[in-house]
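Encoded as structure tokens, the structure appears first; notes follow it.
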Amino acid sequence: MHLKNLTVGSILLMLPVALAGMPADASKSEKSKHSEQQGKSDKSKKSQKSDKSKKSDKSKKSNKSKKSKKSAKKDKVDVCHLDDDTNLFHVINVSEKAVAKHLENHGDALAGSFFADTDGDGFGAGVQIDDCPNPGTADNADDGFPDDPAENSDTDGDGVGDNADQCVTEDATGYDNDGNGCIDDTDGDGAVSYTHLTLPTSDLV
Ligand SMILES: [Ca+2]
Ligand SMILES: [Ca+2]
Ligand SMILES: [Ca+2]
Ligand SMILES: [Ca+2]
């Protein structure tokens, strides 16, 4: 419709329609305001979230740093430091990196479990008595004969140490009068077996 064709009457007729359209526009404008507000509120939510995430990041970082401090403590190693004055070891705690230097330069040793070695054969026994290799200790508890420097194990369990046992895998318990670790009379016929030849000649009839 061209404006030229519009009469005053037709304009008047259209006016209510135009006015009726006004609230609609106003409501659009309200909507747009609302939408703007929402947008702002969303932004503020996001910004809050972002703050939270920042905080959470910070707390994560702080936890990490705590953990790394803990692991740093964990990375420390007990070393047996050799005291030049007493010539005895005592435990010191050093960083993992420094361990090699301590071992090389000071004659230090790694700390561990050391047991009493009463007979000095290098085999310990009983419960752990030291963390360091001080005199009278061994780094194992393998001595089955703590008072016999010549023996430490008894494979067949007959009470005769492996070094003295002439039958290392034969349990001669109860049948070993000469104590050589072998059963004296294997067939039980009462005959003197060759094992008795190890007895003093006075025992031979
Ligand atoms: Ca021993
Ligand atoms: Ca021994
Ligand atoms: Ca034995
Ligand atoms: Ca034996």
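Every number in this text was worked out from the coordinates using simple rules, so none of it is lab data. Small disclaimer: the values here were computed from a predicted structure and weren't measured. Positions of Cβ are backbone-derived with ideal geometry, glycine not excepted, and every protein chain shown enters the neighbour counts.
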- line: With R₀ set to 45 angstrom, the calculated FRET efficiency between the beta-carbons of Asp85 and Thr155, to the nearest 0.05, is 0.55
Additional length obtainable on full extension of the chain from Asn177 to Val127, 0.36 nm per residue less Cα span: 14.7 nm
- prompt: If packing is taken as the mean number of other Cβ atoms within 10 Å per residue, what is the order of 134-145, 113-124, highest first?
  reply: 113-124, 134-145
- line: Under the 7 Å Cα-to-Cβ spin-label approximation, Asp78 and Asn140 lie apart by a distance in nanometres of 2.2 nm
